[in-house]
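The values are calculated or read from the model by the stated rules, or taken from the named source; none is laboratory data. Model, not experiment: these values are computed from the prediction. No Cβ is skipped: glycine too gets one built from the backbone with ideal geometry, and neighbour counts run over all protein chains shown.
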Amino acid sequence: MSEHVAGGATALTDPEYLEGLRSQMQRFATLQLGDQDLAEDAVQEALVGALKSARSFGGRSALKTWVFAILKNKIADVLRQRSRYVEADRLVGTTGEESDLDELFTRRGHWRPEERPVPWVDPESAVDDREFWRIFETCLDHLPGRQAQVFMMREFIELESHEICAAAEISVSNLNVTLHRARLRLRECLENNWFAERG
C-alpha cells in the first residue's frame with residue numbers, strides 16, 4: 001500500500017477499508033489492554049487522530065502502519081497510566097501456555113533431535129514478502145494470550161522492560177521467561193509454515 005496525502009485521506013473515508021482496519025485495530029488493542037471498552041476507546045481515539053491528521057500524512061509508510069503507530073502510542077499511554085491487579089496464577093501463564101513446549105525438549109532440557117532449529121534459507125528476503133507477514137500474523141494469533149500480549153508490548157509497542165513489568169504486573173524474570181517462550185513458539189511456527197516450505 002502506498003497511499004500518499006490525498007490517497008491516505010481517501011482510504012480513511014472508504015467504509016469498507018475503514019471497517020477492515022478498525023477490526024484489526026480492535027483485536028490488537030483488546031489483546032494488549034484485556035478490556036474491550038478500553039480497547040474501543042483507544043481505537044476510536046486513534047482513528048479520530050488519524051482522520052484529523054490525514055492531510056499531514058506524508059506517505060512515507062503504508063497508511064495502515066501509520067494508523068497503527070498512532071494506536072500503539074494510545075495503548076502505551078493507557079498501559080503506562082493504568083495500575084491493575086492480576087491474580088498470581090496469571091503472572092507467568094497457565095499450564096496450557098507451557099505444555100506444548102514440552103514436545104520441543106527432553107526432560108533434561110535439551111532439544112529433541114527432530115525439533116532442533118535449522119538454518120533458515122534467506123530470511124532477509126522474507127521481510128519483503130506479503131505472504132510471510134500473513135503467516136507471521138497467523139503464528140502470532142496462535143500464541144497464548146499472555147505471551148502474545150507481552151511479546152507485542154516489547155516488539156510492536158516498544159515499551160521498556162520496566163514499563164511492561166509495571167503494566168502486566170510481572171517480575172523481570174517472568175518477563176524474560178515469557179518472551180523466551182513466545183519467541184520459541186514463533187520460531188517453531190515460522191519454521192514449520194514458512195521456511196520448511198522453502199528450504
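Some observations on this one:
- The range 141-156 residues that are within 16 Å of Leu71 (Cβ to Cβ) and outside the structural domain of Gln24 (by TED's automatic domain parsing), paired with ones that are among the polar types (S, T, N, Q) and part of a helix (DSSP H, G or I) (beta carbon under 7 Å, 6 or more apart): Gln149/Gln32; Met152/Gln32; Met153/Gln32
- Positions within the range 2-45 being surrounded by 12 or more Cβ atoms within 10 Å (Cβ to Cβ), modelled with pLDDT under 85 and more than 20 Å from Phe151 (Cα to Cα), in sequence order: Glu3, His4, Val5, Ala6, Gly7, Gly8, Ala9, Thr10, Ala11, Leu12, Tyr17, Leu18
- So Ser171, is it small (Gly, Ala, Ser) and at pLDDT 85 or above: yes
- Positions within the range 157-195 being among the small types (Gly, Ala, Ser), in contact (Cβ under 8 Å) with a residue 24 or more places away in the chain and more than 16 Å from Gly34 (Cβ to Cβ), in sequence order: Ser171, Ala182
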